[in-house]
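Below you'll find the structure, written out as structure tokens, and then a few comments.
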Amino acid sequence: GDLRPGDKIIMKFLLFSALASAASAFSLQAPVTLTTQLGAYKVAVVGGGPSGACAAEIFAQEPNIETILFERKFDNAKPCGGAIPLCMVGEFDLPETIIDRKVRKMKMISPTDVEVDIGDTLKPEEYIGMCRREVFDGYLRDRAVEYGAKPINALVTSIDVPSDHKENKSSQYNIKYQEFSPGNSVGVPGEMKVDLIVGADGANSRVAKAMDAGEYNFAIAFQERIKITDEQMEFYEEMAEMYVGDDVSPDFYGWVFPKYDHVGVGTGTVVNRPAIKQYQKAIRDRAGSKIEGGKIIKVEAHPIPEHPRPRRVQGRIALVGDAAGYVTKCSGEGIYFAAKSGRMAAESIVKLMKGGTRLPSQAEIEDTYIKDYDRAYGPTYAVLDILQKVFYSNNGAREAFVELCKSKYVQQVTFDSYLYKKVQGNNPLDDLKLLGDTIGCLIKGYAIAKPDAPFSNPKESLKRI
């Protein structure tokens, strides 16, 4: 006979329970294969740092794009100075609660321990924000999820790239991964077919390898988080320190950056990576009594790209952040450029997808995202590359670099360029005077500096990732 309304509800519930049980039983037989929801293109963002989170946030706001965000460690604390420029706070709508310290003073310390204080040119409202990456990244990632990105706690292990992916818009990429549940160190294998991939998975990018993006040279950054006394911490209230000298790095600088309740002490190098622990000991020694007796609470090391990868887009796969190679020379900055590249790539792709009605081609992504990014930031990378070659190559040049930092014009140009991400310096007379000062400082620096200690690293220095 006819079912009463109540019976229909019970029948539906039983049917749903049976289907759920079947699905649960099926899930035990790995791998699980997830497919696209009807009528929506599926975009996978691999990596949940600033570049991945900012890309996922843009995709997630499009109703006809299903956004998946893969991240292996949701509590990941990437080894990083953690400095962000002032323009990023407004541009990315960041709350001040994620900024541990507002740095308004910096000490530049030369190989012969000449100290130059910089920061007098900053306006009262200007500062460099210091963040812990686990807090900063977590905020951006959570915001992307709030917009609708679906987070998967998983390590992407490989990607099947169809041979016809550049020509055939209906061909999909098959992502293979190990999914982790809380408290379980063993992952469950899974697979997912997607229409487009954004690789935001850092220097050792699996996405870059899968798409044959080519290799790049890299630095090793090493950092210790050190808990010091409240009295010692008072010195670093608004202060960051940068040390130069071949003892702390043959081609970069060492740093002491303030965090919430501790300091990050670190260094980096490209040309002599095997000696990184020797350089780290030297930066601790140089900081001396200011961090003496401190307790090391965390040790971190990570590769940092030295230049963009040869290929940043292949078919419907695009790289952003460290995976693409967007870290500046000289300053070693990557957070802003990671977030910006993620956002720019996603905005370009979303626009090309026209409300989720079509998929973009490789040429279209290159003509928008890549060209726009290179046009906006190419000059910044070029200038900082030259500065690193000139001033970080030997102790004489490093002495000159610190001496030059006494100039209020140099301080103004440097801070403005960093805080607002535009190559500054548009006063021809001051620029001409700066050229003369630079030559004078180099002559003086070479006269007083001790020679760099020789090192030999013929094999490891050829390694690329």
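The values are calculated or read from the model by the stated rules, or taken from the named source; none is laboratory data. Predicted model, so just to flag it, every value in this text is computed and none were measured. No Cβ is skipped: glycine too gets one built from the backbone with ideal geometry, and neighbour counts run over all protein chains shown. With ligands, DNA and RNA removed, areas are computed over all heavy atoms of the protein, side chains included. Shrake-Rupley method; radii C 1.70, N 1.55, O 1.52, S 1.80 Å.
Which angle between 0 and 90 degrees, to the nearest 10, do you get for helix 50-60 versus the longest principal axis of the chain when only C-alpha atoms count?
So the inclination is approximately 30 degrees.
Tell me the relative contact order for the chain as a rounded percent, counting alpha carbon contacts under 8 Å between residues six or more apart.
19
Work out how much length SER163 to ASP374 would gain on full extension: take 0.36 nm times their residue separation and subtract the Cα-Cα distance, in nm to one decimal.
Answer, rounded to one decimal: 73.1 nm.
Semi-axes of the chain's equivalent ellipsoid from the Cα gyration tensor, sqrt of 5 times each eigenvalue, largest first, rounded to whole Å?
Here the semi-axes work out to 46, 24, 21 Å.
Keeping every protein chain present and rolling a 1.4 Å probe, give me the accessible area per residue for the stretch 236-331 in Å². Intermediate values should be presented prior to the final figure.
Numbers: 3040 Å² over 96 residues.
I get 32 Å² per residue for this part.
If one takes the longest principal axis of the Cα atoms in the chain, at what angle in degrees, from 0 to 90 and to the nearest 10, does the Cα axis of helix 408-420 lie?
Around 0 degrees separate the two axes.
What relative contact order, as a whole-number percentage, does the stretch 283-421 give when Cα pairs under 8 Å and 6 or more residues apart are counted?
17
With only alpha-carbon pairs counted, each pair once and no self-pairs, how large is the Kirkwood hydrodynamic radius of the stretch 115-266 in angstroms? Present the calculation step by step, with values, prior to reporting the outcome.
Details: mean 1/r = 0.0499 Å⁻¹.
Hydrodynamic radius (Kirkwood, Cα pairs) of the stretch 115-266 is 20.0 Å.
In vacuum, with every alpha carbon of the stretch 345-388 counted as one equal point scatterer, what does the Debye formula give for log10 I(q)/I(0) at q = 0.25, 0.31 Å⁻¹? Two decimals, please.
Values, matching the q order: -0.80, -1.00.
What does the charge count around LYS150 come to, taking other residues whose C-beta lies under 11 Å from its C-beta (Lys +1, Arg +1, Asp -1, Glu -1)?
Its environment carries a net charge of 0.
Stretch ASP452-ILE439 to full length: gain in nm at 0.36 nm per residue minus the Cα-Cα span?
Computed gain between ASP452 and ILE439 is 2.7 nm.
Quick check on the chain: helices-only [θ] at 222 nm, where DSSP H runs of length 4 and up contribute -39,500 (n - 2.57) each and the sum goes over total residues. Nearest 500, please.
On the way: 14 runs with 170 residues, N = 465.
The helix contribution divided over the chain gives -11500 deg cm²/dmol.
Which whole-number percentage describes the relative contact order of the stretch 116-261, with Cα contacts under 8 Å and a sequence gap of 6 or more?
Once normalised by length, the contact order is 17 percent.
At a Förster radius of 25 Å, what calculated FRET efficiency corresponds to the Cβ-Cβ distance of LEU462 and LEU387, to the nearest 0.05?
With a Förster radius of 25 Å, E is 0.50.
Quick one: 3J(HN,Hα) in Hz for the stretch 435-447, Karplus 6.51/-1.76/1.60 with θ = phi - 60°, rounded, Gly and Pro as x.
Going residue by residue, I get 4, x, 4, 4, 4, x, 5, 5, 4, 5, x, 5, 6 Hz, with x marking Gly and Pro.
Quote to one decimal, in nm, the extra length available between THR357 and THR229 on full extension: 0.36 nm per residue of separation minus the C-alpha distance between them.
Here the segment from THR357 to THR229 would lengthen by 40.3 nm.
Name the aspartates and glutamates eligible as straight-distance cross-link partners of LYS351: C-alpha to C-alpha under 17 Å, and not fewer than 8 places from it in the same chain.
GLU57, GLU62, GLU66, ASP195, GLU364, GLU366, ASP367, ASP372
Please work out the ratio of the alpha-carbon Rg of the stretch 237-348 to 2.2 N^0.38 Å and round it to two decimals.
1.26
Return the percentage of antiparallel bridges among DSSP beta bridges fully within the chain, rounded to the nearest 5 %. Show your work: numbers first, answer last.
Numbers: 48 of 73 bridges.
Around 65 percent of the beta bridges assigned by DSSP in the chain are antiparallel ones.
Which value, to two decimals, describes the C-alpha radius of gyration of the stretch 357-465 once divided by 2.2 N^0.38 Å? Before the final figure, lay out each step's value.
Numbers: Rg = 19.4 Å, N = 109, 2.2 N^0.38 = 13.1 Å.
So the Cα radius of gyration is 1.49 times the expected 2.2 N^0.38 Å.
How much net charge surrounds GLU347 when only the other residues with a Cβ under 11 Å from the Cβ of GLU347 are counted, with Lys and Arg +1 and Asp and Glu -1?
Computed value for this residue: 0.
If you wrap a convex hull around the C-alpha atoms of the stretch 271-330 and split its volume per residue, what is the figure in Å³? Mind showing how you got there, number by number?
Details: hull volume 7.8 nm³, N = 60.
Residue-normalised Cα hull volume stands at 130 Å³.
Tell me the Kirkwood radius of the stretch 37-144: reciprocal of the mean inverse pair distance over distinct alpha-carbon atoms, in Å.
When all Cα pairs of the stretch 37-144 are included, the Kirkwood radius is 16.2 Å.
Taking R0 as 30 Å, what's the FRET efficiency between SER170 and GLN61 from their Cβ-Cβ distance, rounded to 0.05?
0.75
What percentage of the solvent-accessible surface of the chain, computed with a 1.4 Å probe over protein heavy atoms, is contributed by carbon and sulfur atoms?
Working: 12190 of 21270 Å².
Summing carbon and sulfur atoms, their accessible area is 57 percent of the total for the chain.
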